[in-house]
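Values in this text are rule-based calculations from the coordinates and carry no lab data. It should be emphasised that the depicted structure is a prediction, and the values quoted were computed from it without experimental measurement. Cβ coordinates were reconstructed from backbone atoms using ideal geometry, including for glycine residues, and neighbour counts include every protein chain displayed.
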Amino acid sequence: MKKILIVNLTRFGDLLQTSPMIAGLKELHPEAELVALVERNFADVCRGLPGVDRVLELDLDDLGRIMLGGTGEALRRAYGVVADVFHAFQAERFDLALNYSSSRMSAVLLRMIGARETRGWTMTADGFRLIAHPWARLFSASCLVRQQAPFNLVDYYKRVAGLEAGPRRLLFTVPDEARAGAAALLADAGVDGTRPLVAMQLGASRAVRRWPAANWIALARALDARLGARVVLCGGGGEREVAAEIRAALGTLAVDACGRTSIAELGGLLERADVLVTPDTGPMHMAVAVGTPVVALFYGPALPFDTGPYAPDHLCLHAEVACAPCDHNVTCLDPFCRDTLEPAAVAEAVVARRAGDWAALARAADRWPGFAWYRTRFDAEGLADVERLGSRPPGRREVVRRVYRALWKTVLLGAPPGDQTPPLPREAAVVRELVGLAAEGAARAAAVEPLADATDLEALEAAVRHLEEHDLDLFRFGAMHEPAALLLQTFCFDKENIDGDDVRVLARASRVLHEDLVTRARLLAELLEPGALPAAAHVYQGGDDARTA
């Protein structure tokens with residue numbers, strides 16, 4: 001490897017979450033040049049990530065403005081900009097391109113770049129989406145079935161890059177000048193280090209993910225009473241109005257830093273805080289990267305299982321309401337889940353986490369059973385995980401998620417199934433039904449193979465149609481039966497990834513995928529209810545190379 005491209009055209013929190021992968025790649029390929037392609041607004045984030053040798057910027061806002069011009073001249077200008085980008089990237093001759101942006105535009109870009117190997121989202125020569133790499137396909141499926149999300153986003157990033165190790169925390173280097181700017185802001189507000197300092201991240205990407213101002217005010221007052229703490233209000237320019245409301249209620253107890261720092265200065269500011277209280281946001285990941293303890297509030301579409309703090313010993317409070325998590329494409333008209341995280345409980349969490357008193361946090365979890373308390377950690381395979389605090393047992397959905405985690409560790413890593421979970425006979429019965437459906441799919445795919453070289457095109461077309469109809473039944477089964485949802489969504493992406501024009505090879509690859517689905521469904525049923533299936537596979541053997549044709 002001489003040159004590796006890392007593409008992430010999303011928000012700054014997602015960029016921070018690539019930092020362990022980048023550091024691990026640099027360790028694995030010390031002579032390679034690591035090039036990051038990012039949206040121009042967040043280029044400064046990449047400059048603080050250890051291991052990035054060069055940053056390439058795309059000004060997507062400017063391109064959008066050009067295209068919105070609506071005239072033929074505007075479209076020609078936009079085409080010229082895109083063509084220049086393509087030619088510049090093709091000239092780079094990348095050995096490996098990692099695309100962590102799940103957008104059509106990035107898929108087209110990765111195809112046009114023409115790297116020797118591409119992982120993540122790209123496309124076929126005739127314009128169909130490809131998701132290249134098993135971990136990338138599992139991540140894409142998990143985004144659509146988030147209640148069963150088995151792994152942290154950072155671990156997907158690392159595994160797609162081929163890393164089994166790498167740092168177990170996020171990384172960001174705060175420049176000296178940014179650190180000085182943050183210190184000056186606090187000094188101007190009279191923060192001298194004699195009192196505890198708690199940072200509060202007010203904003204989030206969507207209104208439904210913002211904790212109400214009244215809750216922040218109540219939390220600040222409780223922390224003042226219990227710790228004598230001052231609070232620093234963090235956020236962008238969009239949070240100035242709510243910050244003014246909170247500042248008016250709290251007076252000098254609060255320092256308003258909203259819209260007054262760069263991203264790097266935010267890192268310097270969070271370095272000075274004893275604890276950050278935050279929803280699932282980019283600043284949460286920045287606090288993790290600079291080593292500040294986090295008390296993270298998860299509600300709405302946010303889950304601690306896939307986007308929680310990537311480092312040990314952070315605290316996640318999750319509103320486990322029946323409708324969690326929200327669909328990202330749905331606007332909730334009554335986000336009552338936010339109110340389950342009461343300011344008094346959050347204050348108790350901050351006090352105990354600042355003291356590093358995990359026994360007190362476990363007791364607090366029992367006193368406040370209206371939501372789940374989790375401690376971040378790593379498992380035996382080095383994958384990020386969360387440990388439930390308190391004595392309250394997990395609900396059925398969390399047990400199913402745990403079972404899926406065990407399944408995919410066995411499928412993708414060859415790991416043993418791990419700790420026994422409570423049996424779920426109802427869910428196991430659904431998956432046992434899937435075993436039969438998958439076996440029928442394998443039989444129909446096998447029926448296509450001998451017809452591939454025959455001259456009876458009508459028979460071939462009928463066999464293919466017979467298989468396609470059954471695959472539609474499989475996809476409907478996954479949509480209608482939640483316990484099978486993640487398994488079948490992953491199968492869908494695996495099936496979509498079959499590429500080529502040799503009918504025999506395509507039929508064989510399809511058969512292998514159906515056989516893999518049989519094996520995975522048997523293992524899932526066994527994990528859900530041990531002993532429910534005779535001779536169920538305990539160690540996944542996988543299919544042959546046709547799966548990646």
Can you tell me the relative contact order of the chain? Whole percent, Cα pairs under 8 Å, sequence separation 6 or more. 12 percent
Log10 I(q)/I(0) at q = 0.19 Å⁻¹ for the stretch 176-392, from Debye over equal alpha-carbon scatterers, is -1.52
CD proxy at 222 nm, helix term only [per DSSP H run n ≥ 4: -39500 (n - 2.57); per residue of the chain; nearest 500]: -15000 deg cm²/dmol
Shape call for the stretch 92-146 from the C-alpha gyration tensor, a ≥ b ≥ c root eigenvalues: rounded (a/c under 1.5), prolate (a/b greater than b/c) or oblate? prolate
If each part is reduced to its alpha-carbon centroid, the stretch 413-483 and the stretch 356-408 end up apart, in Å, by 33 Å
With θ set to phi - 60° and the Karplus curve 6.51 cos²θ - 1.76 cosθ + 1.60, what are the ³J(HN,Hα) couplings of the stretch 458-469 in order, to the nearest whole Hz, using x for Gly and Pro? 5, 5, 5, 4, 5, 5, 5, 4, 4, 5, 4, 4
Amide H of H314: which non-local residues (sequence gap of 5 or more, or other chain) have their own amide H closer than 5 Å, using H built in the peptide plane? T376
What is the dipole size for the chain, taken about its Cα centre, with +1 at each Lys and Arg Cβ and -1 at each Asp and Glu Cβ, in debye to the nearest 20? 1320 debye
For the stretch 1-32 and the stretch 296-353, compute the distance between their C-alpha centroids and round to whole Å. 28 Å
Restricted to the chain, the DSSP antiparallel beta bridge percent, nearest 5, is 25 percent
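Compute the normalised compactness of the stretch 3-160: alpha-carbon radius of gyration over 2.2 N^0.38 Å, N being the residue count. Present the calculation step by step, with values, prior to reporting the outcome.
Numbers: Rg = 15.9 Å, N = 158, 2.2 N^0.38 = 15.1 Å.
Normalised Cα radius of gyration, the stretch 3-160: 1.05.
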Taking every DSSP beta bridge that has both residues in the stretch 176-392, what percent is antiparallel when rounded to the nearest 5? 30 percent
Report the net charge of residues surrounding P393, where surrounding means a beta-carbon distance below 13 angstrom and charges are Lys +1, Arg +1, Asp -1, Glu -1. +2
Taking Cα atoms only, helix 358-367 is inclined relative to the longest principal axis of the chain by an angle, in degrees rounded to 10, of 80 degrees
Local electrostatic count at A222 - Lys and Arg +1, Asp and Glu -1, tallied over other residues with Cβ under 11 Å: -1
Starting from the amide H of D256, placed 1.01 Å from N in the peptide plane, find each other amide H under 5 Å away whose residue is 5 or more places distant or on another chain. L233
Placed amide H near T10: partners under 5 Å, 5+ positions off or other chain: E39
Excluding V351 itself, what net charge comes from residues whose Cβ is under 15 Å from its Cβ, given Lys and Arg +1 and Asp and Glu -1? +3
For the chain, what class follows from the C-alpha gyration tensor (a ≥ b ≥ c being the square roots of its eigenvalues): rounded when a/c is under 1.5, otherwise prolate if a/b is larger than b/c, else oblate? oblate
Rg/Rh for the stretch 148-260: what does it come to with C-alpha atoms and Rh from Kirkwood? 1.07
What order do you get for S142, S103, S19 when you list them from fewest to most C-beta neighbours inside 10 Å? S103, S142, S19
Across the stretch 399-415, in residue order, what do the Karplus-derived ³J(HN,Hα) couplings come to in whole Hz, using 6.51 cos²θ - 1.76 cosθ + 1.60 with θ = phi - 60° and x for Gly and Pro? 5, 4, 4, 4, 5, 4, 4, 5, 4, 6, 5, 6, 5, 8, 10, x, 6
Along the stretch 372-385, what does the Karplus equation 6.51 cos²θ - 1.76 cosθ + 1.60 (θ = phi - 60°) give for ³J(HN,Hα), rounded to whole Hz, x for Gly and Pro? 8, 10, 10, 10, 6, 7, 10, 8, 5, 8, x, 9, 4, 8
